[in-house]
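Bear in mind these aren't lab numbers, they're just calculated from the coordinates by the rules spelled out. Quick caveat: nothing in here was measured; it's all calculated off a predicted structure. Virtual Cβ from ideal backbone geometry, glycine too; neighbours counted across all protein chains shown.
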């Protein structure tokens, strides 16, 4: 058996044809849905990018203990476990956060790996002279302008390069057995840099300045500008779709379907003006960002062109992959094998927890989403780690001076961890700034989450389940205090 | 002003023409020596690769506190200090250990960085044939070489091309620092045929020595290793020449400091040893080539310098050159006064591997002080990043960390660090054991009478003096107190 995890970053569920979008051009996602199982209730777990990737290794939430960070020495790693069981693992990625301080130690869990440089201001080519910055709205980073100057055509764009490396792997190994290819595309993550041919599909009237990279903030642009930026996203999305199509062509031509699992997933979505907001992370995790697309083709059950309602999460994927290759998940993994969901939509969980370290804690049962805000001051709050690095810097000496040694948690394999007072680091974009308070939404009546409801009974039920799931995750006790809870609500 | 630092890995002094080897083909190192000061008594500090690179950031020895490790959160970093003075820094490297876990966090200290894949079993090329789930560098290297057949595909050449691109892009700009690192001539000595032909007519298949003694009966293998090493040094020389061409073409000499260095040497049969890391740090490994061109002192080009200097001095020199001050915890010395007439910047220098001999030289003598206690204990690692070269520290090792975090050191900003006792069951080295510290014992050599370090001396007065110097330097570097106990230096 073999498996491909085709992962996009920032793939918005609501902008895909198979999820009902009528204005974007994504025929190959529609084709994928015909060839696989489409999950209607997949929710992110730990957010954003790197915490989501850590879950793909460990099969458990990490956002109650740790902000964005590297793999920890005590972490289980799905690809490493596969590798030890004789399944070859290969990572291809242009996700530049892997080679920042806070992404270290992920790629080494694979037998081999390739990376493609240049996305999102990756500190790649060295120009001492500052580049000319074009007139723009939103963001336009110097390093990104430099990098783009090396991407003069479609072929040189990281998306195409990552595609070619994946095809090289497939071409070389499609007749081999026992491999797992983790094939990651940073696109359609911002900046929404694509080629003119894709842009022409959407917007030919806009005359304003460059606007393909929104700030993480509230919308203060004109409706025309907002529409343009949405079109820029859509153009990049269609470019992703085009390459997905080439991959599906290859799967067809070589009938990889007969023995190859295909998972197409993402880490989170992106607000493109909905709720009058841009981006993610600094805002509550509305469904545009937390409710994610997921497609799985599993040759064992052959299910295709079907939909599943069961509530699933990324932590289920490593467990499912381990089982697919005949390996047992570890006791610390909390995700579920999705086999029963794929075969007969049998639920594996009633509630899904999701969130970002230091932000609101969120829970859904598929019908309701409850976002629990923190108390004023957002204290107490700690990071528990053996790897004190943030996204784009190491922990400062000042932060480390607050460190004490904590005896560890159920999942740290008996090792102690640093307990470090959490501060907002200089990495940016990883702390909530726009809290809107505790909110409860009824998705049946209000799928756009425009009108928070008052429903004490449901809220009580959600709190009860939140506390239960937090305990199952061995959340540090102060997390309850931070959320204004006692930690006893699960008994009520 | 700007600076180019070209760093090789495992470049041996005794295989270079400017250090007196006339049978080697290294005309460009010779040409470099005409444009630079050639140092005769330059020593490594912390060994091997990654500890040496850590010193290039921190300007201080680390081998008394930590073995091979990532960059630590409390570490000062020369390129970061440069950035705070508006000086751009760029790293180009094919040194595979930077992207292993134990090399994490180094490159992010630079403004920008490029890395070139494929050296020494880098997990790069893919071949599922014979795959068994066990990572073996030698097996991986065979795969990688399939992707590097033409000379232009070799990691070395791709590094050079990136370096050239950076220089051409930025030659007319001021205030930048380029660190161009070549993994070569580190083993495996994989080198295009045209360089081999310069040293041997026949096939020389053996190009990757093991770290061990080679016997008489293995003379042919050893000869192959030497031929391939020479060929690889000449390849380094050829591409060094192309950088020197750029210096000539754009007269970078007038405003660009050029440093050429290495992390350590490599034994190729001397005293029967091949490799490094498991034998005492003889001068073949510890006394390394070093070239320095200072554009403000063209009169010193083509001269030699006999003063003692060592790797931690390099970042202090670069910072001094740019007028960027120095890190508060740097113990290295700027070498620039040596070009301005100072006779010496060190009385003695310390060098070595974590948990092995602590070595000292005053230029005349080298004294290697072994652990004196029965099990070479007590011995602790101090870290905020519990990783070995490729793997995390093992669970039992981290479980063994002292319950109380250590807050003893000024160089960590008194931030607490884990204090982890060395336990050989989990910290296995491929080539030596911490507990075989008595195999060689204390060694004293007179470099003038016995430059090949073949005849250890007994001279209690010299030994006593060097032990006192050792204690002084250890104190200056905030060596943990158990190191004095381990070394019997009460």
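Side notes on the structure shown:
- Antiparallel content of DSSP bridges confined to the stretch B:2-345, in %, to 5: 25
- Whole-angstrom gap from the stretch A:411-440 to the stretch A:3-59, using each part's C-alpha centre: 25
- For the stretch B:337-398 versus the stretch B:32-47, the gap between their alpha-carbon centres in whole angstrom: 20
- Kirkwood Rh, Cα atoms: Rg over Rh of the stretch B:261-387: 1.01
- Shown here are the Rg and Dmax of the Cα trace of the stretch A:2-350, at 19.4, 60 Å.
- Residue exposure sequence - B:174, A:362 - by fewest surrounding Cβ within 10 Å: B:174, A:362
- Counting DSSP beta bridges with both ends in the protein assembly as shown, the antiparallel % (nearest 5): 50
- For the stretch B:351-486: relative contact order, % (alpha-carbon pairs under 8 angstrom, 6 or more apart): 32
- Residue exposure sequence - B:65, B:437 - by fewest surrounding Cβ within 10 Å: B:437, B:65
- In chain B, the ratio of gyration radius to Kirkwood radius, Rg to Rh, stands at 0.94 when only Cα atoms are counted.
- Using the alpha-carbon positions of the stretch A:222-348, Rg (one decimal) and Dmax (whole number) come out as 17.7, 54 Å.
- Equivalent ellipsoid semi-axes, the stretch A:277-401, via Cα gyration tensor eigenvalues times 5, rooted, Å: 33, 20, 13
- For the protein assembly as shown, the fraction of C-alpha pairs farther apart than 56 angstrom is 15 percent.
- Separation between Cα centres of the stretch B:1-23 and the stretch A:264-334, rounded to whole Å: 54
- All alpha carbon pair distances within the stretch B:61-111 were sorted into 5 Å bins beginning at 0; the resulting P(r) in whole percents reads 5, 18, 25, 24, 19, 8, 1.
- Its residue count N sets the reference 2.2 N^0.38 Å, and the alpha-carbon radius of gyration of the stretch B:351-486 equals 1.18 times that reference.
- Cα gyration tensor shape for the stretch B:1-143, rounded if a/c is under 1.5, else prolate or oblate: oblate
- Taking A:332, A:111, A:255, B:129 and counting other C-beta atoms within 10 Å, the order from fewest to most: B:129, A:255, A:332, A:111
- Taking the alpha carbon gyration tensor of the stretch B:5-89, multiplying each eigenvalue by 5 and rooting it gives semi-axes of 30, 18, 10 Å, largest first.
- The largest-to-smallest principal axis extents of the Cα set in the stretch B:354-410 are 44, 27, 26 Å.
- In chain B, helical runs assigned H by DSSP with n ≥ 4 each contribute -39500 (n - 2.57); averaged across all residues and rounded to the nearest 500, the mean residue ellipticity at 222 nm is -8000 deg cm²/dmol.
- Paramagnetic reach from residue B:425 in the stretch A:407-422 [backbone N under 18 Å; point 7 Å along Cα→Cβ]: A:413-416
- Computed FRET value (nearest 0.05) for residue B:328 with residue A:426, which takes r as the C-beta separation and R₀ as 25 Å: 0.75
- Gyration tensor verdict on the stretch B:141-274 (Cα atoms; rounded if a/c is under 1.5, prolate if a/b is larger than b/c, oblate otherwise): prolate
- Normalised per residue, the volume of the convex hull around the Cα set of the stretch A:353-491 (Å³): 127
- Sequence-separation-based contact order of the stretch A:353-491, relative, with Cα cut under 8 Å and 6+ spacing, percent: 29
- Oblate is the label for the stretch A:316-363. Its Cα gyration tensor axes, ordered a ≥ b ≥ c, give a/c of at least 1.5 and b/c at or above a/b.
- For chain A, the relative contact order comes to 24 percent (Cα pairs under 8 Å, sequence separation of at least 6).
- With all pairs of separate Cα atoms included, the stretch A:66-144 yields a Kirkwood hydrodynamic radius of 15.0 Å.
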